[in-house]
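All remarks here apply to the structure that follows.
What follows draws every value from the coordinates through simple rules; no lab data is involved. What you see is a predicted model, and the numbers here were worked out from it, not measured in a lab. Heads up, the Cβs are rebuilt from the backbone with ideal geometry, glycines too, and the neighbour counts pull from every protein chain shown.
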Amino acid sequence: NAGVMQNPRHLVRRRGQEARLRCSPMKGHSHVYWYRQLPEEGLKFMVYLQKENIIDESGMPKERFSAEFPKEGPSILRIQQVVRGDSAAYFCASSPSSLSLSGNTIYFGEGSWLTVV
Amino acid sequence: GESVGLHLPTLSVQEGDNSIINCAYSNSASDYFIWYKQESGKGPQFIIDIRSNMDKRQGQRVTVLLNKTVKHLSLQIAATQPGDSAVYFCAENIQDGNKLVFGAGTILRVKS
C-alpha cells in the first residue's frame, strides 16, 4: 500500500523557467493538499483540492502558482517564471475525506525540493 | 488569527529519558490536532493525533495530552532513543476546515 508519492524529489530550475511538481495520493484518498516549507521553518498551507475541484487556495500566491487535481492522474503544482524566493520544499498530503470526520487523518509525501538558480 | 506556537525551539535529552514537547494554539475552534516528526530531507511523518473530545491519547511510547482550557498540547515520548532525534511539529485543524496549521517546530536532540 504505497504512500503519497511525489516527483521529482529534487528539481533545479533557472529563474524564469517553469516548475511542475506531481503528487499521487494514497490509494483511496480523494483529498489532496499542498504545503510549502522554507528552510528551518514550519509547513505553510497552499491549496486543498478534491478531484477536479479547488476547494481552498487561500495559501497560494495569486500570481505564477496554480494547482490541479484532474479526474485521472496525479495532482500538479505548477510554478511559472520561477524566482529564487520559490526555492523551498513542497509537500503534498492526502486524506480519504474531510479532516473533520472522525477517523480521518492526513499523510504527507517525502516532498519535492525546488532550487532556483 | 490562527496560530500554533511552540514554547521551546530546541530540546536536548539523554537517551532513555522521557521527552516532553509542548505546543500552544490560539484558535478555540480547533477540534483536531496532530503531531508529526520530520527528519532531515524527509516529509512529515504522522505520530499521533487527538480530537477535541478527548484529553489524552496513547500510542507506542508516545502520549498526546490536550488541555482545551489553556489551549495547550503536548507530546510525551517515553524512553527517548537516538532515532527519535528530529524536528517535531504540532498541527491543528479548525472545526469544519480542511487546512492544517503548523507550528514552527521543536528540534529534539537525543544524547547517547
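Which order do the peptides B:34-41, B:49-56, A:31-38 take when ranked by the mean count of other beta-carbon atoms within 10 Å per residue, highest first?
Values: B:34-41: 18.1, B:49-56: 14.2, A:31-38: 23.0.
So the order, starting with the most tightly packed, is A:31-38, B:34-41, B:49-56.
Distance between Cα centroids, the stretch A:1-45 to the stretch A:52-69: provide it in whole Å.
Rounded to whole Å, the Cα centres lie 13 Å apart.
Charges only on Cβ, +1 for Lys and Arg, -1 for Asp and Glu: so what's the dipole of the protein assembly as shown about the Cα centre, in debye to the nearest 20?
On the way: 26 positive and 21 negative charges, 98 e Å.
Dipole size: approximately 460 debye.
With θ taken as phi - 60° and the coefficients 6.51, -1.76 and 1.60, list the Karplus ³J(HN,Hα) couplings across the stretch B:83-99 in order, rounded to whole Hz; mark glycine and proline as x.
x, 7, 4, 4, 9, 10, 10, 9, 9, 10, 10, 7, 3, 6, x, 9, 8
Work out the mean other chain Cβ neighbour count within 10 Å for the residues of B:89-96 and drop it here as an integer. Intermediate results must be reported in sequence, preceding the final value.
Working: counts 3, 1, 5, 0, 6, 2, 2, 3.
Mean number of neighbouring Cβ atoms from other chains: 3.
What net charge do the residues around B:Thr63 carry, taking every other residue with its C-beta under 10 Å from that of B:Thr63, with Lys and Arg at +1 and Asp and Glu at -1?
Details: positive: B:Lys56, B:Arg57, B:Arg61; negative: none.
That works out to +3.
Which shape class, rounded, prolate or oblate, goes with chain B when its Cα gyration tensor gives a ≥ b ≥ c as root eigenvalues, a/c under 1.5 marks rounded, and past that a/b bigger than b/c marks prolate? List each step's numbers first, then the result.
Details: a/c = 1.93, a/b = 1.63, b/c = 1.18.
Cα axes put chain B in the prolate bin.
Across the stretch A:31-36, in residue order, what do the Karplus-derived ³J(HN,Hα) couplings come to in whole Hz, using 6.51 cos²θ - 1.76 cosθ + 1.60 with θ = phi - 60° and x for Gly and Pro?
10, 10, 10, 10, 10, 10
Among B:70-83, B:18-31, A:87-100, what's the highest-first ranking by average C-beta atoms within 10 angstrom per residue?
Packing order, densest peptide first, comes out as A:87-100, B:18-31, B:70-83.
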